[in-house]
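**Q** Handing you a structure now.
Each value in this text was obtained by applying a stated rule to the coordinates, not by laboratory testing. Note that this is a predicted model, so its numbers are computed, not measured. Every residue, glycine as well, gets a Cβ built from its backbone with ideal geometry; the counts of neighbours run over all protein chains shown.
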Amino acid sequence: MKRIKTFVLIVFLSTTIWGFGVRAQKLFPRPPLFGIPAKTLPQNHWVFRGYWIINDYTKMWSSAEGKMVDAPSSLNFTSNVVWGKIRYGITNRLTLILNVPYVKKSLTKNGVEKTGAGLGDVIAALLYKFYHKKSDRFLLSGLFFTKSPTGKSTNLSTTELPTGTGSFDYGFSILPEKEFGKWDLRFSAFYLARGKNDAGVNLGDVLSFSWSTAYNFSKKLILENTFYYKRFFENSKDGKNLPDTDAYLFQLIPAVQYRFGNSFFVQAVLPLTLTQKRPFGNSYETWLGLYYMF
């Protein structure tokens, strides 16, 4: 895995250095393959996007050792999430975003299996374009969003896993974006204020940053790479922090998109974990996506 990460990083840096010498070419559309889009849609336009995210967790956090360790052979945890993502242009500056997940989990420990399947927590957001300078091909957008506790988190049987957190959350993100010839440069700063779950625990807020660089080889082929950092603050209950409930994640995320015709795209994303502290983690994830615009 270390060799794979090193190879991907070398290829990305080499391509970055080479690509700045290529002539400018205007391409449309140029969507982000990972992360939050900064571009709003034209009024009355739609985008439908679907992702299948596959996780097989092979690591777990050890409080005793203070680090992530290999999960024992008696434990197996998998999570598959299918995201349906809808975007609609209310005006040229304002876009509505709706993300609906279907979650399927399986946890086997010492021969005993627990499963969970069903609707997850639905995310609704408004994306507003504050500033756009066409001559410089630069724009700045802001995103306000909420996450509703639509996933099941209470009245679980002894063999059932939750599909949601049980908390109502809200947040905001700032999204500057710059097109430079065939290059797209994107940044996001994201803050999520999480609420109290069904057990009375105030879930720790979430802070994340991402830096993405995409190269448009042609109208058909786009390669992208993202450096992504995510931090979960400690949970609390009755005004007291719960120890060892903070978490963090730092990933290198290469992605590729291929375009069929004018409106249909296939995307593949492979987040590689560089460092992490989570209850359960993995060295990499697999995202397979479809993107349709009209």
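**Q** Mind sorting Glu177, Glu65, Glu113 by how few other Cβ atoms lie within 10 Å of their own Cβ, fewest first? Please list the in-between numbers first.
**A** Details: Glu177 21, Glu65 8, Glu113 11.
Ascending number of Cβ neighbours within 10 Å: Glu65, Glu113, Glu177.
**Q** Starting at the first residue of region 256-269, write each ³J(HN,Hα) from the Karplus equation 6.51 cos²θ - 1.76 cosθ + 1.60 with θ = phi - 60°, in whole Hz, x for Gly and Pro.
**A** Ordered by residue, 3J(HN,Hα) equals 9, 10, 10, 9, 10, x, 9, 10, 10, 10, 10, 10, 9, 10 Hz.
**Q** Return the FRET efficiency for the residue pair Phe130, Ala199: r is the Cβ-Cβ distance, R0 is 30 Å, and the value is rounded to the nearest 0.05. Write out the running numbers ahead of the final one.
**A** Working: r = 39 Å, r/R0 = 1.29.
About 0.20, to the nearest 0.05.
**Q** Against the longest alpha carbon principal axis of the chain, how many degrees, from 0 to 90 and to the nearest 10, is the axis of helix 2-19 turned?
**A** The angle comes out at about 20 degrees.
**Q** Using helices alone, I'd like the mean residue ellipticity at 222 nm for the chain: each DSSP H run of four-plus residues gives -39500 (n - 2.57), total over residue count, nearest 500. Write out the running numbers ahead of the final one.
**A** Details: 1 runs with 18 residues, N = 294.
Mean residue ellipticity at 222 nm (helix-derived): -2000 deg cm²/dmol.
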